[in-house]
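Presented below is the structure to which this report refers.
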Amino acid sequence: METGKNHMKNLTIAAGLFLAGVLGYSVVAHAQSASGKADPVKVDPKHYKVEFENESVRVLRISYGPGEKSVMHTHPNAVAVYLTDGVTRMTTPDGKSQDASAKAGGAAWTPAGAHLPQNVGTKPFEVVLVELKK
């Protein structure tokens, strides 16, 4: 039979684990916008930094080391301006992947959507993404 002291210790541990789970869920839920889409700045701050924001656009600086990958997240319609050459792999929510090469100084239209990016190149990759709000 359990002593009162051991029982309280087990209850304290169980309550702590429960609260840790609730807090973990809250952090993930907060990182998603009202539309339920994961904001890359919140879910992956290591790779995404806001450089500028107003009512029309949000400008992100995105940096990945060789082999680094993100987590699944979404972007609105945007324009990407590549600061370095690179090769990325974009995996979509359906599990399909596509590799793409980019050249420093190039620009591309990127339609809204969800993806999990990875730098599959051998050098750091950096891009400025201008997200459109309207």
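The values are calculated or read from the model by the stated rules, or taken from the named source; none is laboratory data. A quick note: this is a predicted structure, and the numbers were derived from the prediction, not measured. Glycine gets a Cβ as well: all are built from the backbone with ideal geometry, and neighbour counts include every protein chain shown.
Kindly check whether there is at least one residue in the range 66-81 that is of a type in the set (Gly, Ala, Ser), at negative phi and over 15 Å from the mean Cα position of the chain (by Cα). Within the range 66-81 (the criterion being of a type in the set (Gly, Ala, Ser), at negative phi and over 15 Å from the mean Cα position of the chain (by Cα)), the answer is yes, since at least one residue qualifies. Taking the range 86-134 on its own, how many of its residues are among the hydrophobic types (A, V, I, L, M, F, W, C), under 24 Å from residue 54 (Cβ atoms) and under 18 Å from the mean Cα position of the chain (by Cα)? Selection size over the range 86-134: 6. If the condition is being under 24 Å from residue 57 (Cβ atoms) and touching an Asp or Glu at 6+ places or on another chain (Cβ under 9 Å), then the range 118-130 contributes 125, 128. Exactly one residue out of 81, 87 is outside any helix (DSSP H, G or I), over 23 Å from residue 132 (Cα atoms) and at pLDDT 60 or above, and it is 87. Among residues of the range 90-113 that are farther than 11 Å from residue 127 by Cβ, those with a Cβ under 7 angstrom from a residue that is basic (Lys, Arg) and surrounded by 12 or more Cβ atoms within 10 Å (Cβ to Cβ), sequence gap 6+ or separate chain, pair up as 97/89; 99/89. Scanning the range 62-78 for residues that are in a loop (DSSP other than H, G, I, E, B) and either small (Gly, Ala, Ser) or in contact with a Phe, Trp or Tyr (Cβ under 6 Å, 6 or more places away or on another chain) (or both), we see that the one that is farthest from residue 92 (Cα to Cα) is 65. Checked against the criteria, residue 59 does not count as farther than 16 Å from residue 41 by Cβ and either among the aliphatic types (A, V, I, L, M) or assigned to a loop (DSSP other than H, G, I, E, B) (or both).
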